[in-house]
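J.: I'd like to ask some things about the structure below.
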């Protein structure tokens, strides 16, 4: 890439940032800056310590000022419940990429969309229930059977959301 092309790229990036900043309220800008800070702090702290809990609270607080102002959120499914409100159908579209590697816990992310796009590959490795005993898997299956849920097998921990989507929408 030439010096001229590099300069053009930097100029376009700066113009895009300025246009975004001009379109946002001061509260949204402040919320985004607090969010960046909270995510950075949260990444440094893990577990269930008091500090981690405080960082998660800071993250949730920062999001209240900017969640609806950002047109597209990209994050791993495990972070969604930490970062975004739990409102059902709060997003126009939820895209779950690598769905063949996601288990039933990804449903919490999918419930947030009025439309859902599940992207996966049946040739990829499915999720494992490595840290769940076989007795616990049997208990889950028995519980689901009692509820007469039609997709019992697809809701078990070792099955993927891609499997569930294929079964439901084949």
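We did not get these values from a lab; they are worked out from the coordinates using the rules stated. Remember, predicted model here, so these are calculated numbers, not experimental data. We place every Cβ from the backbone using ideal geometry, glycine too, and count neighbours over all the protein chains shown.
J.: Compute the relative contact order of segment 74-170 as a whole-number percentage, counting only Cα pairs closer than 8 Å that sit 6 or more residues apart in sequence. Before the final figure, lay out each step's value.
T.: On the way: 138 pairs, mean separation 29.8, N = 97.
Answer for segment 74-170 is 31 percent.
J.: What is the Cα coordinate range of segment 1-71 on the first, second and third principal axes, sorted by size from largest, in whole angstrom?
T.: 50, 28, 16
J.: Could you sort 96-109, 56-69, 15-28, 73-86 so that the peptide with the highest average Cβ count within 10 Å comes first and the rest follow in order? Intermediate values should be presented prior to the final figure.
T.: Values: 96-109: 19.1, 56-69: 16.5, 15-28: 11.3, 73-86: 13.6.
Put in order of decreasing packing, that is 96-109, 56-69, 73-86, 15-28.
J.: Hey, another quick one. Among 1, 161, what is the fewest-to-most ranking by other Cβ atoms within 10 Å?
T.: Fewest-to-most Cβ neighbours within 10 Å comes out as 1, 161.
J.: Hey, of (1) 19.7, 66; (2) 19.9, 70; (3) 20.4, 67, which did the structure itself give for Rg and Dmax of the Cα atoms in Å when calculated?
T.: (3)
J.: On to the next question. Within the P(r) computed for segment 74-170, what percentage of the Cα pairs occupies the region above 20 Å?
T.: 40
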